[in-house]
Each structure stands twice: as structure tokens, then as C-alpha cells.
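The values are calculated or read from the model by the stated rules, or taken from the named source; none is laboratory data. Everything quoted here is computed from the prediction, not taken from an experiment. As a convention, Cβ positions derive from the backbone with ideal geometry for all residues, glycine included, and neighbour counts pool all protein chains shown.
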Amino acid sequence: MTLSSHEVLPEPDRPAQSDPGESVAVSEDLPPSYPPARRPQPGPADEQPEAARKRLRGSTFLVVILALVVTALFKSFVLQWFEIPSSSMEDTLTVGDRVAVTMYDSTDISRGDIVVFRDPDNWLTVTDPTGLRGVARDTLILMRLLPEDSGHHLIKRVIGMPGDHVVSDGQGSLSVNGVELAETYVKEGVSASTIAFDVTVPQGYVWVMGDNRSNSADSRYHQDDAHHGFVPLSDVVGVAKAIVWPAGRWGSLGGGEDVFSAVPAPADSTSQTAGGDSE
């Protein structure tokens, strides 16, 4: 069939063209092409870092407390460090030396041992710190990082144990139980004692002297005190075993007992107690 030039074919349906200025209404019943974005909600995975931090803080606190407790026990019953403040023990110990002092054997001492003890009769003139320094000191003592009565300790060598008869003629001779001592630890060039004395050490006490006899306010200088120069064994804190600082002076403090190897037990051997030699 031939189409006439005058016939007009119907145009196919076309979507209606909207006026550019006219807004197109969108049916509210139609679902959106994409779901709206949702804000992420915190879940268990997000809470883990905070919980882990709390556990870490708790563990750190427990470790610190445990370390302090262990340190306190260690320093109460095992070992402490003391700094030498004077020249009274030269040349064995010099100012600034730090010594390791064992606490567990404070009742097991012998002649020749170097011991640390609490000031028995105000041998020292010490003023305790006040203010913030005093608070800091008390805190360190409470934590056992400093010894109790810090600054009120002395360090000397044991010369006489309970029952011993200790005699000096004031001319350089020193004897224990009738045996004259050849003290290798006394500072070179210094006499054994320029002070004469004749004492018998009572039960529960020791007689102590510094190695630098010309500069040691030891038992000899306190015979008019309440304890007559003797140190109660109950005031002995421990035995100095070694120099731990400075590094160039590391070394043992043993061997002093060898000087007394020939000294017999006191006449009344039953009075030799608290770690003294007895036969």
C-alpha cells in the first residue's frame, strides 16, 4: 500500500515534556532508590579499646603496689644500703661510700664485724627535717625506702662481745680477754687507742670502735652515758657486708674477725650470747 503524501502518520507516544520552570512531583509512595545513610552505633568491638585501657591501668597499679610491698619486705628483713657520712671508719670506709647491710643476721654478729646501729644515747647531734622535706622523708620511711630513724644510725666495728674484757693502756695497746690485738684494719699511722679504759662488756651489749681511732667518737667517748658506752644488741640493725658504690671501691667488708682468731671465750662463757663466740 502506497502512502499518500497528504496522510499524516500518528506519532508514537512520547513522555510528556515538562516545563523547565515547573517542578516535578515525586510520589511519596515510591521507595527511594538508595536507603538513607545510617550513623554507626557503638558495639562491643568499639568498647574493647577502652576496656583494655582500664585493665592495663589496673594491672599497672597492682604491679606498683606489689613492687613496693616486695621492696619493703626486702629492706625490712634482707638488705639495706647506708651511706657513710664521716671519716670515722677510714681507711676501710670513706665519706660517700654506700654499703650493703644485711638485716637478717643482726643477732648473729661476731668480734670484728662492722655493724650499723641506732644511736643509743644521743651520740649524734641530728636535726630532723621539717616541712616538705620532713613529709618526703616520712613517706620514704613509711614505704621502707629509707630506714626508720634515718640519720640516727652509726657504723662501727665490734671489738667486744658480751662478757669480753677489753683493755687499752692509752699507749697504743688494745687487748681482748688478755690477748693483744694486731688490728690490720686500723687507719695507717693511727694508734689503736690513746684513751685508756678497762671494761667488761655486760650481757646484751657490745663495745664498738671506729677504724680511724683518732677521729671516731665511739664507745670510748661515751662511758659516762646511760649505757656507759656499750651498744645494746637490740639497737643493732645489721652487718655491713660490702661496699657497693662508688664502682671503683666495690669490695667485701669481711675478714675483720681474723684479728680475733686467737682471742679466747670470756671467763664466764655463759654470758656470751646473741651471736657471740662461745666455747
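For the range 172-226, give me the residue count where each residue is surrounded by fewer than 16 Cβ atoms within 10 Å (Cβ to Cβ), touching a residue at least 12 places away in the same chain (Cβ under 8 Å), touching a strand residue (DSSP E or B) at 6+ places or on another chain (Cβ under 8 Å) and not hydrophobic (A, V, I, L, M, F, W, C).
Number of matching residues: 5.
So, in the range 87-122, exactly how many residues are aromatic (Phe, Trp, Tyr) and closer than 20 Å to Ala217 by Cα?
Qualifying residue count for the region: 1.
What pairs come out if I take residues in the range 153-168 that are acidic (Asp, Glu) and pair them with residues that are crowded, with 24+ Cβ neighbours inside 10 Å whose C-beta lies under 6 Å away, six or more apart or interchain?
Asp164/Val201
Kindly indicate the residue of the range 217-236 that is farther than 16 Å from Gly112 by Cα and touching a Lys or Arg at 6+ places or on another chain (Cβ under 7 Å) and also modelled with the highest pLDDT among those meeting that condition.
Ranking the qualifying residues of the range 217-236, first place goes to Gly229.
Determine, yes or no, whether Val231 is in contact with a Pro (Cβ under 6 Å, 6 or more places away or on another chain), within 16 Å of Asp121 (Cα to Cα), among the β-branched types (Val, Ile, Thr) and surrounded by 23 or more Cβ atoms within 10 Å (Cβ to Cβ).
The answer is yes for Val231.
Suppose we filter the range 196-251 for residues that are under 15 Å from Thr107 (Cα atoms) and in a loop (DSSP other than H, G, I, E, B); how many remain?
2
Report whether or not Val263 is modelled with pLDDT of 90 or more and in a loop (DSSP other than H, G, I, E, B).
Yes: the conditions hold for Val263.
Read through the list (1) modelled with pLDDT of 90 or more; (2) closer than 23 Å to Val201 by Cα, then give the number of the only condition that Ala242 fails.
Tallying (1) modelled with pLDDT of 90 or more; (2) closer than 23 Å to Val201 by Cα, Ala242 fails exactly one: (2).
So which of Glu188, Glu183 is out of contact with any helix residue (DSSP H, G or I) (no Cβ under 7 Å at 6 or more places or on another chain) and either within 19 Å of Asp119 (Cα to Cα) or assigned to a loop (DSSP other than H, G, I, E, B) (or both)?
Glu188
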